[in-house]
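**Q** Here you go, one structure.
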Amino acid sequence: MKEVVIMNRKEILEQLASGKISVEEAEKYLNSNQIEIVEEFAKYDIFREARTGIPEVIYSETKSPEMVVEIVKKVLEKKKIVLLSRLTEKHIPKIDELINDFSVEYGTGKKFCVIRRHDYISSKENGKIGIITAGTSDIPVAEEAKAIAEMMGCEVIMTHDVGVAGIHRLFEPLNNLLKRDIDALIVAAGMEGALPTVVAGLVDVPVIGLPISTGYGFGGKGETALMSMLQSCALGIAVVNIDGGISAGAMAAKIAQRVNKKCEKEII
């Protein structure tokens, strides 16, 4: 079987303009091989990353271990890296079977993992992102934000446990992040979720509030943190859903990528 050549629209048009492919071939590339069937349970959107700039993410919680592994294998036939989100204990043994064929890296608590082909080469050319967590309990979700941002070619600098219960802990690491000339800043917080508002009132970079489902009793599953961030009196802050580490990381990376592209054009 002839290997599928994956190109985004720009690459297809460049190939057409240079005469390397015909109009008919260009049309086929644009219209065919968009979807690949995985068994009877999944349809892999091959060109999603080319369209959106966001790498493949597999939501695993409601899928069987066998389904997850089959989708991973299919994705890695065409791509070199994939992120598995919302893992459960039942998934781990089956994923571990892939370790001989691929590089498998778990996040804290094995709530997610990144699987790479051995020929994958990472890049940090698409800007810099800072991630701050209010507490140590927020780290697993923040790591997921870091993972997707790094997959999108960003350098990520993290600092932990600087929440408002000891606000004096915040200023030095925040200042260090600003000195690194970050393009966007993710602030993860559970409990009352106040830290993103504090940070947004101190910095001139976009802040993405990431509410975490840590807390006690009423509103302690992240609802209070989410509502607090949505009601922030500081401007320049956007908010993703509870435990939405991937959403926060992808948005921050898109901001950084746009900043980086604009800077490159200005230099040219």
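The values are calculated or read from the model by the stated rules, or taken from the named source; none is laboratory data. Please read all numbers here as calculations on a predicted model, not as lab measurements. Cβ coordinates were reconstructed from backbone atoms using ideal geometry, including for glycine residues, and neighbour counts include every protein chain displayed.
**Q** Are there any pairs, at least 6 apart or on different chains, whose C-beta atoms fall under 6 Å, with the first in region 54-77 and within 17 Å of Gly244 (Cβ to Cβ) and the second surrounded by 18 or more Cβ atoms within 10 Å (Cβ to Cβ) and small (Gly, Ala, Ser), and if so, which?
**A** Here the result reads Ile54/Ala250; Val57/Ser85; Tyr59/Ser85, each pair linking region 54-77 to a residue that is surrounded by 18 or more Cβ atoms within 10 Å (Cβ to Cβ) and small (Gly, Ala, Ser).
**Q** Which condition number does Val164 fail, the rest of (1) modelled with pLDDT of 95 or more; (2) over 23 Å from the mean Cα position of the chain (by Cα); (3) among the β-branched types (Val, Ile, Thr) being met?
**A** Single failed check for Val164: (1).
**Q** Is it true that some residue in region 176-195 is in the same structural domain as Val141 (by TED's automatic domain parsing), acidic (Asp, Glu) and within 16 Å of the chain's Cα centre (by Cα)?
**A** The answer is yes; a qualifying residue exists.
**Q** Hey, among the residues in region 89-129 that are without any contact (Cβ under 8 Å) to a residue 60 or more places away in the chain and under 29 Å from Phe171 (Cβ atoms), which one's surrounded by the fewest Cβ atoms within 10 Å (Cβ to Cβ)?
**A** Lys124
**Q** Please pick out the residue among Val199, Val205 that is in the same structural domain as Ile148 (by TED's automatic domain parsing), over 20 Å from the mean Cα position of the chain (by Cα), surrounded by 13 or more Cβ atoms within 10 Å (Cβ to Cβ) and among the β-branched types (Val, Ile, Thr).
**A** Val199
**Q** Moving on to the next point. Would you be able to tell me the number of residues in region 116-130 that are in contact with a helix residue (DSSP H, G or I) (Cβ under 6 Å, 6 or more places away or on another chain) and not in a loop (DSSP other than H, G, I, E, B)?
**A** 2
**Q** To continue, here is another question. How many residues does region 202-222 contain that are closer than 16 Å to Ala134 by Cα and either assigned to a loop (DSSP other than H, G, I, E, B) or without any contact (Cβ under 8 Å) to a residue 24 or more places away in the chain (or both)?
**A** Residues meeting the conditions: 9.
**Q** For the list (1) touching a helix residue (DSSP H, G or I) at 6+ places or on another chain (Cβ under 7 Å); (2) under 29 Å from Ile115 (Cβ atoms); (3) crowded, with 22+ Cβ neighbours inside 10 Å; (4) among the β-branched types (Val, Ile, Thr), I need the number of the one condition that Val162 fails.
**A** In the conditions (1) touching a helix residue (DSSP H, G or I) at 6+ places or on another chain (Cβ under 7 Å); (2) under 29 Å from Ile115 (Cβ atoms); (3) crowded, with 22+ Cβ neighbours inside 10 Å; (4) among the β-branched types (Val, Ile, Thr), Val162 misses (2) alone.
**Q** Quick one: in region 49-83, of everything that is basic (Lys, Arg) and out of contact with any Lys or Arg (no Cβ under 6 Å at 6 or more places or on another chain), which residue is surrounded by the fewest Cβ atoms within 10 Å (Cβ to Cβ)?
**A** It comes out as Arg51.
**Q** I've got another one for you. Might you let me know whether region 243-254 holds any residue that is touching a Phe, Trp or Tyr at 6+ places or on another chain (Cβ under 9 Å), modelled with pLDDT of 95 or more and of a type in the set (A, V, I, L, M, F, W, C)?
**A** Yes.
**Q** Out of (1) of a type in the set (Gly, Ala, Ser); (2) at pLDDT 70 or above; (3) within 20 Å of Lys79 (Cβ to Cβ), what's the single condition that is false for Gly19?
**A** (3)
**Q** Another one. Residues being among the hydroxyl-bearing types (Ser, Thr, Tyr) and closer than 17 Å to Ile54 by Cβ: count how many of those fall in region 210-264.
**A** Count: 1.
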